[in-house]
2 protein chains.
Amino acid sequence: MSTLGLKLRELREQSGLSLRKAAMQVDIDVAILSKMERGERKFSKELVLKLADLYKANSHKLVIDFLSEKLLYDLEDEDFGLEALKVAEKQLKYKKQKNV
Amino acid sequence: MSTLGLKLRELREQSGLSLRKAAMQVDIDVAILSKMERGERKFSKELVLKLADLYKANSHKLVIDFLSEKLLYDLEDEDFGLEALKVAEKQLKYKKQKNV
DNA sequence: TTATATTTGACACATTTAGTCAACACTAAG
DNA sequence: CTTAGTGTTGACTAAATGTGTCAAATATAA
């Protein structure tokens, strides 16, 4: 089960919104939101932002979860996933510092 | 310029293989290999493995570079890329430990 | 029953990605 | 100059993925 989906479902419920109403507010089909909350389809970043706004939640953390989920998806069943994350981290830090 | 592409180009040259010959050996079109080495197209993992084999190189490191490049691609222009990498790392460690 | 909420699957549409091919430019050798 | 070898480019098609739509099925409660 998707962490992000779970979180967004909880936030929706805390906002007292039904799936239908929430979906309508962010202008997507109910079916899609249902599948996304259950991890059957991927969220888009734009939707995460829209939902964060609708639920009045911290978009920062949700976006990080969104990205992290995307990364983990790339590393599914990879033996060297952890090493790859570390190499990516190193290169990202370098990039940031050098502003490349 | 792609790190992986650069490395694989160097390895090819060290093996004394022309683009055409290498491409033929791994059963792809020359154009594709040319573009991949220059970072214009993405490698597939399978191809990286085939090339590592052809060049008698350490596939381990090349695969890690391949994955890392994929991760960084996901994080392009993201403000919280580093945070996302760290969250992903944490979750991957947890997964590994729990064998989920 | 009636109403509301969620889930499911089939389908079409669009976008992305992968592969094919021929032509181009450059260099070195004959 | 011609030939052969190198790598690069762009146009095109095909395959794969992703996204959105819809209707029906299921569930729960009033």
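Checking the conditions here, which among B:21, B:42, B:35, B:56 is among the basic types (Lys, Arg) and under 13 Å from the mean Cα position of the chain (by Cα)?
Testing whether each residue is among the basic types (Lys, Arg) and under 13 Å from the mean Cα position of the chain (by Cα) leaves just B:42.
Residue pairs, Cβ under 6 Å, 6 or more apart or interchain, first in the range A:12-36 and small (Gly, Ala, Ser), second within 14 Å of DNA strand D (Cβ to nearest atom) and in a helix (DSSP H, G or I). List them.
A:23/A:30; A:23/A:33; A:34/A:19
Are there any pairs, at least 6 apart or on different chains, whose C-beta atoms fall under 9 Å, with the first in the range A:72-99 and more than 7 Å from chain B (Cβ to nearest Cβ) and the second among the hydroxyl-bearing types (Ser, Thr, Tyr), and if so, which?
Matching pairs, first to second residue: A:86/B:68; A:90/B:68.
So which residues in the range A:44-67 are surrounded by 15 or more Cβ atoms within 10 Å (Cβ to Cβ), more than 15 Å from DNA strand D (Cβ to nearest atom) and either touching a residue at least 60 places away in the same chain (Cβ under 8 Å) or away from chain B (no Cβ under 14 Å) (or both), if there are any at all?
Correct list: A:54, A:55, A:57, A:65.
Residues of the range A:29-43 being loosely packed, with under 14 Cβ neighbours inside 10 Å and in a loop (DSSP other than H, G, I, E, B), which ones?
Hits for the range A:29-43 are A:29, A:38, A:40.
Determine, yes or no, whether residue A:34 is of a type in the set (S, T, N, Q), more than 16 Å from DNA strand C (Cβ to nearest atom) and modelled with pLDDT of 95 or more.
no
The values are calculated or read from the model by the stated rules, or taken from the named source; none is laboratory data. Quantities reported herein were computed from a predicted structural model and do not represent experimental measurements. Note that we place each Cβ from the backbone using ideal geometry, even for glycine, and neighbour counts take in every protein chain shown.
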